[in-house]
Amino acid sequence: MGVEVSVEGLTKSFGSQNIWRDVTLTLPEGEVSALLGPSGTGKSVFLKALIGLLHPEQGSVIVDGTDITKCSSKELYEIRKLFGVLFQDGALFGSMSLFDNTAFPLREHTKKSESDIRSIVMEKLDLVGLSDAGDKLPGEISGGMRKRAGLARALVLDPQIILCDEPDSGLDPVRTAYISQLLIDINAEIDATILIVTHNINIARTIPDNIGMLFRKELVMFGPREVLLTSEEPAVKQFLSGDRFGPIGMSEEKDDATAAQEKELEDAGIGGGGTKDDFSEIIPQVQPNPGMPERKASARHRERVEEMLHELPENAQQAIRESQSQEDEIRRANAEGMDRQNNKGGNGNGNNGGGNGNNGGVNTEKQYAGSNDNTEQFPAYRAGGNPAGNS
């Protein structure tokens with residue numbers, strides 16, 4: 001089962017340049033969370049701080065009861081075995097084949113035989129569609145293939161915590177859908193705690209149980225995905241719509257003159273180029289493929305969200321209730337479809353795929369999330385978009 005990661009008052013700078021300050025959030029055990037934010041806001045830096053590759057100036061990162069900002073190098077080495085990390089650029093060893101890159105954690109941290117290692121590595125490479133590319137070097141394949149190989153390596157130890165830095169970058173929309181589904185299936189199988197850094201709004205709308213957003217060196221909010229997706233916070237609305245009119249500029253903080261010019265354009269009816277999708281209509285969350293276990297996190301998360309529901313804005317409460325109702329209906333429909341498939345299979349007609357109407361459940365119809373039954377899991381959430389951790 002995945003473990004909880006608790007971040008309290010985390011601050012990181014490079015020299016005089018402050019990256020973010022006073023970040024406070026909890027990644028609930030076994031849940032899938034996403035971290036959004038404009039480019040350059042320190043999302044990758046945050047992931048590196050979670051695994052101790054970068055040391056913060058202030059705050060704590062408690063992983064499975066151990067504060068990695070204060071532990072010894074030996075303790076940190078052991079804690080890191082809980083993690084599987086997909087770095088933004090794949091971070092593969094250029095002189096090793098994809099097979100050897102994927103096998104590296106097994107050879108480093110286990111005493112498995114080479115035959116066992118081969119079996120595990122080929123299983124993971126097959127999961128990401130690279131079973132025929134194991135003998136290739138990273139320089140011989142595309143950036144998207146390197147990203148998928150990095151994911152195979154991140155999964156090879158069946159980690160309790162999986163960190164994914166932009167898993168969709170370099171991937172076409174179809175491969176992105178497969179990777180997204182894979183992360184949900186893995187969560188169902190091993191109940192791992194997963195954090196995804198992404199700019200992909202479709203991933204943010206359909207995959208995570210919880211969403212946070214970094215902007216202007218602070219965590220704007222962190223909580224159930226419906227809270228952020230229905231937020232009236234200007235930076236959140238602008239980011240989700242991809243519009244150039246709003247507080248986010250080409251540089252992180254838009255100057256007053258640019259903001260005034262854009263306001264005049266907006267008032268004149270000139271569009272900012274963003275989508276006009278209604279994000280208050282919550283898309284049902286992706287659920288595991290048929291035949292996979294039900295996500296244990298779903299029940300835990302729902303119980304905790306229902307306990308904190310009265311504290312949330314009214315539009316978020318309504319979105320959560322509607323989303324839960326939709327997901328319950330989808331779950332029932334999928335269960336009925338699987339029953340029909342199994343019955344047909346028993347009669348010798350099982351090659352038709354079951355007739356559940358959702359193409360095997362991939363990516364479009366899904367279920368809600370779960371974690372601990374403790375409302376304190378979301379200390380970083382502040383209604384109205386106030387910076388998290390500044391109560």
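Bear in mind that the values in this text are calculations on the coordinates, not laboratory data. Note that this is a predicted model, so its numbers are computed, not measured. Ideal geometry is used to build each Cβ from the backbone, glycine not excepted, and the neighbour counts take in all protein chains shown.
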inquiry  = For segment 18-84, which trypsin sites (Lys or Arg not before Pro) pass both filters: DSSP loop (anything but H, G, I, E, B) and at most 12 other C-beta atoms within 10 Å?
reply    = LYS70
query = Taking a label point 7 Å from the Cα of GLU232 along the Cα→Cβ vector, which residues of segment 311-327 have an amide N closer than 18 Å to it?
reply = 311-320
key: Segment ARG321-ALA335, length gained on full extension (0.36 nm per residue, minus Cα span)   = 2.9 nm
inquiry  = Largest first, please: the extent of the C-alpha atoms of segment 1-149 along each principal axis, to the nearest Å.
reply    = 46, 33, 28
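Provide the net charge surrounding THR66, with neighbours chosen by a C-beta distance below 10 Å and charges set as Lys +1, Arg +1, Asp -1, Glu -1. Intermediate values should be presented prior to the final figure.
Working: positive: LYS70; negative: ASP64, ASP67, GLU75, GLU78.
So the surrounding residues net to -3.
How much length would be gained if the chain were fully extended between ALA257 and SER73, taking 0.36 nm per residue of separation minus their Cα-Cα distance, in nm to one decimal?
Values: separation 184, 0.36 × 184 = 66.24 nm, distance 4.92 nm.
Gain in length upon complete extension: 61.3 nm.
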request  = Check each of the GluC sites (Glu not before Pro) in segment 55-152 and keep only those in coil by DSSP with at most 16 other C-beta atoms within 10 angstrom; list them in order.
outcome  = GLU57
inquiry  = Report the Cα centroid-to-centroid distance between segment 134-189 and segment 316-347 in angstrom, as an integer.
reply    = 28
Under-5 Å amide H pairs with GLN58, H placed in peptide plane, nonlocal only = THR11
ask   = In nm, to one decimal, how far is the modelled label at PHE93 from the one at LYS112, with both set 7 Å along Cα→Cβ?
value = 1.6
query = Based on the Cβ-Cβ distance of GLU303 and LYS136, what FRET efficiency does E = 1/(1 + (r/R0)^6) give at R0 = 35 Å, to the nearest 0.05?
reply = 0.15
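Here are some pairs, LYS112/LYS296; LYS43/LYS81; LYS81/LYS112; LYS81/LYS217; LYS70/LYS111; LYS74/LYS147; which of them have Cα atoms lying more than 20 Å apart in this structure?
Flagged as over cut-off: LYS112/LYS296; LYS43/LYS81; LYS81/LYS217; LYS70/LYS111; LYS74/LYS147.
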ask   = Stretched out fully, how many nm does the piece from MET292 to PHE14 gain, at 0.36 nm a residue minus the Cα gap?
value = 95.7 nm
